[in-house]
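> Pasting in a structure now, in structure tokens, and then I'll have a few things to ask.
What follows is calculated from the coordinates using simple rules that are stated; it is not laboratory data. Please read these numbers as outputs of a predicted model, since none were measured by experiment. All Cβ positions, even for glycine, are placed from backbone atoms using ideal geometry, and neighbour counts span all protein chains on display.
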Amino acid sequence: MMRLAYLTPFLLLACCLQSASAQVTSQDFDKIMLYTLKNSNGLTIKVTNYGAIITSILVPDRDGEMGDIALGYDSVEDYTNAVDKPYFGAVVGRYGNRIAEGKFTIDGEDYTLAVNNGPNHLHGGVIGFDKVVWDAKPVGDNSLELTYVAKDMEEGYPGNLKCKVTYTLTDDNELKIHYEATTDKTTPVNLTQHTYFNLKGEGNGTILDHELMLNAKKFTPVDEGLIPTGQLVDVAGTPFDFTTAKPIGRDIEEADEQLNFGGGYDHNWVLDKGGKDGEMTLAARVSEPSSGRVLEVFTTEPGVQFYCGNFLDGRLTGKAGKPYVYRGGLCLETQHFPDSPNQPNFPSTLLEPGEKYDTTTVFRFSTE
């Protein structure tokens, strides 16, 4: 079931943009809509074509009571004015996660990106895919197709990149996210979905009691700027071992250099792939004891960034009027590894002309 409505608009974002930034116009904002996907079980997901943002996910608890488990807002203005721009619910790109010093080299040519996270580039730059208006088209009964063309040298990236993201809600309580892209120049691409989840309901305390399993025996340690060192390190015997489900808060305060660097968990885990690269794999399972809600994440990607809301601090107020407190939400961003354009030992993120970027992630909701 597909429904749509206008999402409260806002004044034009940035009258004077850098020449390398996305050119956002008032006509783009006139097209902002809110789309509703609802399945036969009553599970309801709302998506806006501003940033391809998932604004709401309504799912039942074990007693059948519906609750919104996605952090976010009711108006576009709240997204644009949010302190620290936490990327609630957005598709981020052209490159999700960090690139060291905003620099990389392709075929001997150096490229310089916007630096927007300390000394590094994060989530596509100053105006990444989360801050532009996508073209939207309902497809069938319960799918929404979103398209965006990133221009050559937008935010410093080479190539005109044609992107398509399709959200599909099934009657099996699965949200399927299919990413596609093509380019006319070799360019790095790493799209991901940045929804913050709290299975107790958005604004209802922290996620430290959520029990998490990550299907990964290794992770990529980082330096103080959260750039990977290039190593793949075993999680066994460390606070990063989620191979067996445990409460997120169990080991988070341990004296550990990596936890200190991240302010908690903000790292990439290397998924255990039972089959070939590109096959669908269980990446993570999260359960919340009081509500009985369960989230499973499946993906064709080789990694997942687990982030536990270390930069939330209560200054942001969500849809229910409650502040989003420290560690009040978690993200499971399926992805290629951070800084891959500068890490020859990591799986490549380069997309060539004539090739197709094609990857899928599934969020499955249930109760226990």
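> Evaluate the distance, in nm, between pseudo-label points positioned 7 Å from the Cα of T186 and of R250 along their respective Cα→Cβ axes.
The answer from the label model is 4.5 nm.
> Restrict the search to region 237-336; then list the GluC sites (Glu not before Pro) that DSSP places in a loop and that have at most 14 other Cβ atoms within 10 Å of their Cβ.
Those that pass, being in a loop and sparsely packed, are E253, E254, E279.
> Straight-line reach only, C-alpha to C-alpha below 21 angstrom: list the lysines that K185 could link to, leaving out same-chain residues fewer than 8 apart.
K103, K151, K162, K164, K356
> In debye, nearest 20: dipole of the chain around its Cα centre with unit charges on the Cβ of K, R (+) and D, E (-)?
680
> Another question about this same structure. Please express the shape of the chain as an equivalent ellipsoid: the semi-axes are the square roots of 5 times the eigenvalues of the C-alpha gyration tensor, given largest first in whole angstrom.
Largest first, the chain gives 28, 26, 20 Å.
> For the chain, modelled as a Gaussian network with Cα springs under 10 Å, which listed residue fluctuates most, N39, N142, N81?
N81
> Compare S56, S75, S290 in a GNM of the chain, Cα atoms joined below 10 Å, and give the one with the largest fluctuation.
Between S56, S75, S290, it is S290 that shows the largest mean-square fluctuation.
> Still on this structure, please answer the following. Using just the helices of the chain, give the 222 nm mean residue ellipticity in deg cm²/dmol: DSSP H runs with n ≥ 4 each add -39,500 (n - 2.57), and the total is spread over all residues, rounded to 500.
About -1000 deg cm²/dmol.
> Another one. Just to be sure I understand the model, the point goes 7 Å from the Cα along the line to the Cβ. What's the resulting Y326 to N345 distance in nm?
About 3.5 nm separates the two model spin labels.
> From the gyration tensor of the Cα coordinates in region 210-260, what semi-axes in whole Å does the equivalent ellipsoid have, largest first, with each one equal to sqrt(5λ)?
Value: 19, 14, 9 Å, ordered largest first.
> May I ask you to evaluate 6.51 cos²θ - 1.76 cosθ + 1.60, the Karplus curve with θ = phi - 60°, for each residue of region 234-241 and list the ³J(HN,Hα) values in order in whole Hz, giving x for glycine and proline?
Per-residue couplings from phi come out as 5, 7, 4, x, 10, x, 8, 7 Hz.
> A further question follows. Just name one of G264, L330, N204: the one whose Cα is farthest towards the positive end of the charge dipole of the chain (beta-carbon charges, Lys/Arg +1, Asp/Glu -1).
So the residue we want is N204.
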